[in-house]
Each structure stands twice: as structure tokens, then as C-alpha cells.
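**Q** One structure follows; several queries about it will come next.
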Amino acid sequence: MLESQRKTYQLMLEQLHKIESKYGSINNAPEDDPNLIKLEQLRPKSNYQHLIDEQDEIMNLTKKDYQVSDVAQKLGLRRRTVSDFFKRHKIQPRPAFTFKIISPDKKVFYAQSLGHFLQVSFHRSCSYSVKQSTVYLKRRNFQINEGYFIWTEVKKNEYFVTNNMDFPVAKKNDDSWAKVNV
């Protein structure tokens with residue numbers, strides 16, 4: 001037995017003795033007894049409880065619009081584990097974007113690819129590199145911010161385009177968007 005496990009076990013026994021000396025049996029202790037609460041906190045979680053906690057954490061991060069790779073990295077899990085969880089629970093991750101583009105008239109666009117943004121917005125060749133796309137847009141007074149932007153950062157009535165879309169759309173709320181003429 002490891003030293004840390006031994007200490008935890010000893011602390012648990014101390015709490016149990018306090019409860020039994022006060023109530024005669026752990027079964028007679030009220031649920032709000034501080035010693036019982038501490039005993040429950042010390043008790044190691046079962047593997048099953050650990051899995052439930054892990055799944056709860058995956059769901060919480062998913063609700064915050066983290067992508068599969070982000071969830072895996074934050075929780076120290078394999079990407080495949082999180083991906084399988086998404087599939088099993090039919091979770092469709094929300095898009096993440098690499099570019100935030102602000103037009104001269106202050107419209108905000110989010111895009112996964114600048115080349116694709118140019119293609120759908122300006123009907124330009126998608127073969128532009130990031131550098132060429134940046135030059136093209138800056139000449140037209142667009143501001144470009146490169147980073148990592150998740151769905152929750154896209155505000156209502158801001159625009160976005162993913163790599164599989166043929167046109168930019170405006171976000172209406174967390175679950176809907178509408179095609180618009182930009």
C-alpha cells in the first residue's frame with residue numbers, strides 16, 4: 001500500500017471511530033454530520049464513479065463549445081476516447097474558427113480558412129495562401145485577427161463561414177443561423 005493511501009485509510013478510520021462513538025453506528029449518523037461528510041470525501045472513488053465524472057466533464061466542456069482535441073487536452077484523455085464519446089452521444093461539435101475578419105463597414109466574420117472566405121465572399125480563387133489572402137483583404141481595408149475562436153465567441157448577427165459552406169451566414173442564436181446577403 002502506498003504511503004498516501006495508508007494516510008487516507010488512517011484518516012478514514014479516525015472519522016469512522018468519531019462517528020461510531022457519537023452515534024453508536026455509522027447507520028445512525030445524520031447525513032449532515034461533519035465527520036460523515038469528511039469520511040465521504042476521503043473515500044476513494046470507484047472506477048465506475050471516475051468514468052461518470054469523466055463523462056460529466058466531457059459534457060461540460062462540450063456545452064462550452066470546446067472541440068474534441070481541446071476536450072482531450074484539457075482532461076488528459078486520448079482524442080479517440082473523446083471522439084468515441086461524441087459519436088456515442090450523437091454530439092455534433094460546433095465549429096471553431098482560425099480567423100476573425102472585420103470589414104471596413106465593421107461587419108465581423110469568422111472563418112476557418114482565409115482562402116475559402118475569399119472564395120465565397122469575393123468569388124476569388126481558393127488557392128491563395130494565407131499571406132496572399134491577407135494582402136488582398138488588407139488592401140480593401142479589412143482587419144484580420146488570427147487565433148482560435150470558438151462558437152460562443154461569435155455574437156448574434158455576426159457572420160461565419162466554415163470550409164464546407166458556399167456562403168457566409170449570420171448567427172441568430174446558439175443553435176441557429178441564417179443565410180444573408182453580405
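The values are calculated or read from the model by the stated rules, or taken from the named source; none is laboratory data. If you're wondering where the values come from, they're calculated on a predicted model, not measured in any experiment. Every residue, glycine as well, gets a Cβ built from its backbone with ideal geometry; the counts of neighbours run over all protein chains shown. Side chains are part of the model used for accessible areas, which takes the heavy atoms of the whole protein and leaves out ligands, DNA and RNA. Shrake-Rupley method; radii C 1.70, N 1.55, O 1.52, S 1.80 Å.
Condition check ((1) open to solvent by less than 60 Å² (accessible area, probe 1.4 Å); (2) of a type in the set (Val, Ile, Thr); (3) farther than 20 Å from residue 162 by Cβ) across all residues:
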| position | (1), (2), (3) |
| --- | --- |
| 70 | yes, no, no |
| 74 | no, no, yes |
| 88 | no, no, yes |
| 97 | yes, no, no |
| 108 | yes, yes, no |
| 111 | yes, no, no |
| 117 | yes, no, no |
| 120 | yes, yes, no |
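**Q** A further question on this structure: Restricting the search to region 12-45, which residues are among the charged types (D, E, K, R) and in a loop (DSSP other than H, G, I, E, B)?
**A** Matches in region 12-45: 31, 32, 33, 43, 45.
**Q** Restricting to region 110-165, what's the tally of residues that are part of a loop (DSSP other than H, G, I, E, B), of a type in the set (Val, Ile, Thr) and either modelled with pLDDT of 90 or more or touching a helix residue (DSSP H, G or I) at 6+ places or on another chain (Cβ under 9 Å) (or both)? Lay out the reasoning, then the answer.
**A** Pass one, region 110-165, residues part of a loop (DSSP other than H, G, I, E, B): 112-113, 123-129, 140-142, 154-158, 162-165.
Remaining after also requiring of a type in the set (Val, Ile, Thr): 154, 162.
Filter again for either modelled with pLDDT of 90 or more or touching a helix residue (DSSP H, G or I) at 6+ places or on another chain (Cβ under 9 Å) (or both), leaving 162.
Final tally of qualifying residues: 1.
**Q** Is it true that residue 80 is surrounded by fewer than 16 Cβ atoms within 10 Å (Cβ to Cβ) and either closer than 30 Å to residue 164 by Cα or of a type in the set (A, V, I, L, M) (or both)?
**A** Yes; evaluated as a whole, the condition is true for this residue.
**Q** Here are some residues: 81, 98. Which one is part of a helix (DSSP H, G or I) and of a type in the set (Val, Ile, Thr)?
**A** Unique residue meeting the criteria: 81.
**Q** Name, by its number, the condition in (1) in contact (Cβ under 8 Å) with a residue 24 or more places away in the chain; (2) within 30 Å of residue 151 (Cα to Cα); (3) open to solvent by less than 40 Å² (accessible area, probe 1.4 Å) that does not hold for residue 55.
**A** Result: residue 55 passes all but (3).
**Q** Suppose the filter is open to solvent by 30 Å² or more (accessible area, probe 1.4 Å) and of a type outside the set (Val, Ile, Thr); does residue 153 pass it?
**A** When the stated conditions are applied, residue 153 passes them.
**Q** A follow-up question, please. Of everything in region 122-146 that's in contact (Cβ under 8 Å) with a residue 24 or more places away in the chain and at negative phi, which residue is surrounded by the most Cβ atoms within 10 Å (Cβ to Cβ)?
**A** Once the filter is applied, the top-ranked residue is 137.
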